[in-house]
Amino acid sequence: MDFPRSGARSFAAIGLLGCLLCLLPTASFAQSAPAACPALLQKTFNRLQDDAPQNLCQYAGKVLLVVNTASYCGFTPQYEGLEKLYANYSAQGLVVLGFPSNDFGQQEPGKSKDIADFCYNTYGVKFPMFEKTVVSGKGANPLFAELSKAGGGSPKWNFYKYLVGRDGKLIDSYSSMTAPDNGALGKDIQRALAQR
């Protein structure tokens with residue numbers, strides 16, 4: 001079938017417009033696509049409450065405060081401050097990740113259910129917690145081993161903290177003596193959250 005010359009131009013224009021419109025969703029999708037998962041987070045750990053495997057890539061693009069915890073330590077009340085940090089800053093992109101460990105002073109002897117019940121019932125912990133693990137020495141789990149190697153040093157005691165930026169790179173580490181409401185830690189978290 002032959003179309004008049006002006007009709008052929010119209011079809012060509014409509015076809016071109018259609019092609020351009022097809023590209024728009026792709027462009028907007030690329031802008032809203034989730035952040036690529038940095039190497040540090042390409043790890044899976046079981047959730048404390050139910051042993052369900054959790055890939056840390058779900059936290060890509062977030063600011064992370066990684067903490068080794070224990071239920072029977074002088075620093076255990078820091079759970080309350082950590083939960084407060086999580087509640088105050090989670091909407092801006094902060095996630096606190098808790099890793100119970102029995103490495104120091106045998107202060108986390110319980111099983112997963114006991115630890116989970118203690119954290120929730122005593123301190124109302126809602127931030128992600130993972131199964132009990134080794135965080136120091138040759139047997140350290142891969143996340144803590146990499147954080148230590150990246151310059152954060154190995155935990156010296158319970159409630160050692162690592163701050164990780166949205167890019168999956170270690171920003172700094174903090175001793176057990178650094179409480180969650182410490183001013184310097186708070187400023188570091190706010191600076192990290194401001195990075196896009």
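Read the figures in this text as sums done on the coordinates, not as results from a lab. Quick caveat: nothing in here was measured; it's all calculated off a predicted structure. Cβ sites come from the backbone with ideal geometry, for glycine too, and all protein chains shown count toward neighbours.
For this structure, a couple of remarks:
- DSSP-loop trypsin sites (Lys or Arg not before Pro) across the range 52-150, with at most 11 other Cβ within 10 angstrom: K111, K138
- Going from the fewest other Cβ atoms within 10 Å to the most, the residues M177, M129 appear in the order M177, M129.
- Loop-located chymotrypsin sites (Phe, Trp or Tyr not before Pro) in the range 40-137 whose Cβ has at most 14 other Cβ within 10 Å (DSSP): Y72
- Residue order, fewest to most beta carbons within 10 Å, for T76, T69: T76, T69
- Expressed in units of 2.2 N^0.38 Å, where N is the residue count, the Cα radius of gyration of the range 53-112 is 1.24.
- Among V67, V95, a tally of other beta-carbon atoms within 10 Å of each Cβ gives an order, fewest to most, of V95, V67.
- Once C-alpha pairs closer than 8 Å and six or more residues apart are averaged by separation and normalised to the residue number of the range 39-194, the relative contact order reads 29 percent.
- Taking a ≥ b ≥ c as the square roots of the eigenvalues of the alpha carbon gyration tensor, the range 39-194 is rounded, as a/c is under 1.5.
- Within the same chain, lysines fewer than 8 places from K126 are excluded, and of the rest, those with a Cα less than 18 Å from its Cα are K62, K84, K113, K161.
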